[in-house]
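Chemist: The structure's right below; bear with me while I get my questions together.
The values are calculated or read from the model by the stated rules, or taken from the named source; none is laboratory data. Predicted model, so just to flag it, every value in this text is computed and none were measured. A quick note on method: Cβ atoms are made from the backbone with ideal geometry, for glycine too, and the neighbour counts reach across all protein chains shown.
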Amino acid sequence: MAKKRGGPAAGDGAGAGGPGHYPYVGDVPEAVRTVAASLAEQAAAMQGVDQSLGALVPRVRASWREGVAGDTAYAAVSKVLEFTPTVAPSLSVVSSVLAELAGDLTAARLRIDELCAAYGTLEPAERRVVAFGDWIPPARESAYDRALSEMEVVAALVGFRTVADIDAEYARVVRTVTSQAEAAGDRIAAQTSAHALPGGRAGSSAFAAGMPGGTDLTATVDSLVARGLLPPECRDMDSATLLDWLKNHPDVARALVENRPGPGGSPAEDFLYSLTQPALYPAGADISGIDRDRVRTFFETMSPEDQKLLGALFPGVVGDLSGAPFDARDSGNYVRIVVAKEDEAAHIAALRDQLTQLSSINDPRVGSTEAAQDAIREQLALAEGRLGLYQGVLDHPERQIVLFDAAKGAFAEVSGVIGPSTKNIGVIVPGTGTNMAGIQGNVTAYSAFVEHAPPGELAMITWMGGGLPQSIFPDAFLDSSSRDLGPLLAEFSRDVRQEGAYAGAATPPQLTVAGHSYGGAVVGIAETYGVDADRILHIESPGLGNDVNSTADYHPLNPDVRRYAMTAPGDPIALAQGKDAWGFGHGPAPDTATGFTRLATGSYEDGTVVAGVDAHGGVFTPRSDSWENMYQVFTGGTVLVCPPDVQVGTPDGYYVTQPSSDPPTPEDIP
């Protein structure tokens, strides 16, 4: 009778170690040790600079005892002296941290060498046992027992029972090294952030550019080439050249999108991989906020060019990575759109083939295929609209796409530039019927605000974080989409706030989050999760959000946020306002809610009143009073406020609420 094999299970650790070895993880110890020694030398040099400047101060004051020039020179040198004494100690601390890290890396490599040797000894013996299969015929029992005994002897010698145990030990080493590197990074960040240069942006410091941690992507590119994800000719490409090349090589773009970072590839890849690993956080901690700051701190160790390049190399991760600079996210999303365009073109070809086949059917037993053809034509129109969007982005790489997921219907584009001169940023969530095929129209409409503002002062973001309702009834009356998108919008508002803080402006830009139509319901739900904004604007909005009774149910990150709303007279959206039962409707009307300022919609440029069904989208007509009021909110100007409604008596003794006939009054936004 055959007996069941009792050794390691088939496939235990098979292929886990590669061709007899495990790759090293983390930086090269010698390189880290070299940087540590260099920083120690710089610390000594800075001590000399500090002493020299200290001796210079009396001479400066002696040279200019009176006058503006003397005061200015003395103040400048004194300001420098406030900073320079802190540099040498900080450099010494960083040097010590890096020297310690180099020791940890060396120890890890020695341990990995031991694991490679153990693997090379145990794996062949284990493979011989596994080769017998699960059931051992009587004729082979003796050979099997001998192979099993040999494996047990080898296991005793190397100290591991199976290859799977070696794999587990290697994984532990990887976690340890990753943790040590992160701890070192945190200690270095504490030094660099504590001694930022006066006037520098957050995360910058006098010597941050010299810190290790992803500032050189050579190893990252080499790793991707070695794995066959990039061809060798991509080694010397900058981000713009690589993106242009990928546009014509969608197969390589797809491989990059589908690739996920793993340990041991490069410092930059190790960091991205670490974001996917479990971590411990203090109870009640803002986990997304901690991760967002951690990501931004890492990217700030890189040049702007390398930030964009890393986005192109790992588009599936960086494209929508909270905390990543928008330029890096844009690079990643460009690559994702290359792939989406290829998929959409194939989809269109398949639909056209189906249409051709249906139109060629001429069989009375089948009947008319016109209804089926109409359905395919509708799908084809949407697919062609999406393809047009993708092609437009690829043809204009200067467009900044900071969110993209074709499968989820997610898209966000920045119109204008978030930079040193930016004073205001607006985010608009569009409404019912918006999808990837038609989002370009929204981008164009919202860009009009940017074009009207002084150059560089206003940026607008069209945000569609996922699928929106496509029909008015019943979809637009249901809360499912707003509940899905609200938390995402709240998180995105914090990403925008962070991007504005790093833009280099002397005063961070003011942020307005707005929702049009169903987008207002999304904004309302987002406020229950904590939107970071200076101003909130509901435009023809169905309500404050399901289960929201008043602004007391909101959790704003900015306690001084100002809220505004507008609804044109006769807009059918009013029929949905005030409804909220069993997921149907979107809560109280923003225009009459306590804590909201009701804005006038006024007239179009030709004097026609903005009212009726057409006003639902007509409020975005440039130069209309409604459009001008929105612009003033986005830029923090002066708005026209509706007078309070009035109570009018009826012949039967009741009172009804009606709009006041008084003119709107101007009000400055603080």
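Chemist: Those residues that are under 14 Å from Cys642 (Cα atoms) and without any contact (Cβ under 8 Å) to a residue 40 or more places away in the chain, I need them from the stretch 566-590; list them, please.
Modeler: Across the stretch 566-590, the qualifying residue is only Thr567.
Chemist: Let me ask something else. Would you confirm whether or not the stretch 479-491 contains a residue that is surrounded by fewer than 21 Cβ atoms within 10 Å (Cβ to Cβ), modelled with pLDDT of 95 or more and of a type in the set (A, V, I, L, M, F, W, C)?
Modeler: Yes: one or more hits.
Chemist: Please go through the stretch 366-416 and pick out each residue that is under 29 Å from Pro509 (Cα atoms), more than 17 Å from the chain's Cα centre (by Cα) and assigned to a loop (DSSP other than H, G, I, E, B).
Modeler: His396, Pro397, Glu398, Gly416
Chemist: When only residues in the stretch 245-260 that are over 12 Å from Pro315 (Cβ atoms) and of a type outside the set (D, E, K, R) count, which is surrounded by the fewest Cβ atoms within 10 Å (Cβ to Cβ)?
Modeler: Here the answer is Asn248.
Chemist: I need the strands (runs of 3 or more DSSP E) fully contained in the stretch 553-661, keeping only those with at least 2 residues that are touching an Asp or Glu at 6+ places or on another chain (Cβ under 9 Å).
Modeler: Output list reads 562-566, 596-598, 638-641, 655-658.
Chemist: Return yes when Pro659 is outside the structural domain of Pro454 (by TED's automatic domain parsing), out of contact with any helix residue (DSSP H, G or I) (no Cβ under 8 Å at 6 or more places or on another chain), more than 23 Å from Leu458 (Cα to Cα) and in contact (Cβ under 8 Å) with a residue 40 or more places away in the chain and no when it is not.
Modeler: So Pro659 passes the test.
Chemist: Taking the stated definitions as given, is Ala565 over 33 Å from the mean Cα position of the chain (by Cα) and under 25 Å from Ala445 (Cα atoms)?
Modeler: Values: over 33 Å from the mean Cα position of the chain (by Cα): no; under 25 Å from Ala445 (Cα atoms): yes.
The answer is no for Ala565.
Chemist: For the stretch 437-465, give me the residue count where each residue is touching an Asp or Glu at 6+ places or on another chain (Cβ under 6 Å) and either more than 17 Å from Gln510 (Cα to Cα) or modelled with pLDDT under 95 (or both).
Modeler: So the count comes out to 1.
Chemist: Just wondering, is there one or more residues in the stretch 145-162 that are in a helix (DSSP H, G or I), of a type in the set (Phe, Trp, Tyr), touching a residue at least 12 places away in the same chain (Cβ under 8 Å) and more than 19 Å from Leu101 (Cα to Cα)?
Modeler: Looking through the stretch 145-162, none of the residues is in a helix (DSSP H, G or I), of a type in the set (Phe, Trp, Tyr), touching a residue at least 12 places away in the same chain (Cβ under 8 Å) and more than 19 Å from Leu101 (Cα to Cα).
Conditions tested, residue by residue: (1) surrounded by fewer than 20 Cβ atoms within 10 Å (Cβ to Cβ); (2) touching a helix residue (DSSP H, G or I) at 6+ places or on another chain (Cβ under 7 Å).
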residue: Ser90; (1), (2): no, yes
residue: Val94; (1), (2): no, yes
residue: Leu98; (1), (2): no, yes
residue: Leu101; (1), (2): no, yes
residue: Arg111; (1), (2): yes, yes
residue: Cys116; (1), (2): yes, no
residue: Gly120; (1), (2): yes, no
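Chemist: What residue, among those in the stretch 132-163 that are among the hydrophobic types (A, V, I, L, M, F, W, C), modelled with pLDDT of 85 or more and surrounded by fewer than 17 Cβ atoms within 10 Å (Cβ to Cβ), is nearest to Leu91 (Cα to Cα)?
Modeler: Looking at the filtered set, the residue picked out is Leu157.
Chemist: Looking at Glu269, Glu300 in this structure, which one is among the acidic types (Asp, Glu) and either touching a strand residue (DSSP E or B) at 6+ places or on another chain (Cβ under 8 Å) or in contact (Cβ under 8 Å) with a residue 60 or more places away in the chain (or both)? Steps first, please.
Modeler: Working: Glu269 fails: either touching a strand residue (DSSP E or B) at 6+ places or on another chain (Cβ under 8 Å) or in contact (Cβ under 8 Å) with a residue 60 or more places away in the chain (or both).
After applying the criteria, what remains is Glu300.
Chemist: Would you pick out the residues in the stretch 298-334 that are modelled with pLDDT of 95 or more, surrounded by fewer than 24 Cβ atoms within 10 Å (Cβ to Cβ) and hydroxyl-bearing (Ser, Thr, Tyr)?
Modeler: Ser322
Chemist: Sticking with this structure for a sec: Across the stretch 227-252, what is the number of residues that are in a helix (DSSP H, G or I) and farther than 13 Å from Gly311 by Cβ?
Modeler: The qualifying residues number 10.
Chemist: Please enumerate the residues belonging to the stretch 492-524 that are among the polar types (S, T, N, Q) and either surrounded by fewer than 24 Cβ atoms within 10 Å (Cβ to Cβ) or within 14 Å of the chain's Cα centre (by Cα) (or both).
Modeler: Ser493, Gln498, Thr507, Gln510
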